[in-house]
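A short reminder: the numbers here are calculations on the coordinates, not readings from a lab. No experiment lies behind these values; they were computed from the predicted model shown. Because the Cβ atoms are built from the backbone with ideal geometry, glycine has one as well, and the counts that use them run over all protein chains shown.
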Amino acid sequence: LRTAGIDGADENSVVAIAYLDAGLSAAQINRVTDDLDAAGFSAQTIEDQLGIVTTIIAGITGVLNAFAIVALVAAAFGIVNTLLMSVQERTREIGLMKAMGMGSGRIFTLFSLEAVTIGVIGSVIGVSAAMLVGSGVGSALAVGPLADLEGLSLFLFEPLSLLGVVALISAIAFVAGALPAGRAARQRPIESLRYE
C-alpha cells in the first residue's frame with residue numbers, strides 16, 4: 001500500500017494497485033470490487049478509469065464540435081464573399097465568355113467548380129493539420145499523464161470519417177458558391193463588356 005501521492009494526504013487515504021489474472025470473467029471482477037466496497041474501500045478497474053477519461057474527452061469533443069460548426073458557417077460566408085468579389089472583378093471576362101457563345105449553365109458550372117475547389121483544398125489542409133497535431137498530442141499524452149491507462153486512444157483517424165469531412169465541406173462550399181455562380185450566369189454580355 002502507498003499513499004495517494006498528495007502532499008499532506010490523510011494517512012487513512014491509501015491507494016492499492018492489484019493485478020488480477022487476465023482470464024477472470026466480468027462477474028469475478030465485479031465480485032472482487034463488491035467485496036472491496038463491503039470492506040469500505042472503493043475499487044476501480046482500468047475500464048472504469050477509461051470510462052471517466054472517455055466521458056471527459058466526449059465533453060471536450062462536444063465543445064470542439066460546436067466551434068467547428070461556427071467555423072464552417074464563417075467559412076461559408078468567406079467563400080460567398082470571395083466568389084462575389086471574383087464575379088465582380090471578372091465581369092468583363094464573363095461578358096466576353098458569353099459573347100463568344102458560352103452558355104449560362106457552363107458559367108454557373110465554372111464558378112461552382114471554383115467554390116468546390118476552394119472547399120476541397122481548405123478541407124484537405126485542415127484534415128492534414130488536424131492529423132499532425134492530433135497524433136503529436138496523442139503521443140505526448142500516451143507517454144505522459146495518461147501512460148497508466150493502457151488501451152486508451154485519444155484520437156482515431158478513420159479514413160471514411162476523414163473523407164466524409166472533406167465531402168461535407170465541399171458540399172458546403174458548393175452551396176455557398178451557388179449565389180455568386182448564379183449571379184455570374186445571369187449577367188448580360190453587352191452590359192458586362194461595358195463594365196469598368
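What the table below lists for this structure:
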| item | result |
| --- | --- |
| Segment 41-190: C-alpha gyration tensor shape, a/c 1.5 cut-off, then a/b vs b/c | prolate |
| In range of the label at A140: residues from segment 48-78 whose backbone nitrogen is under 18 Å from the point 7 Å along Cα→Cβ | 57, 61 |
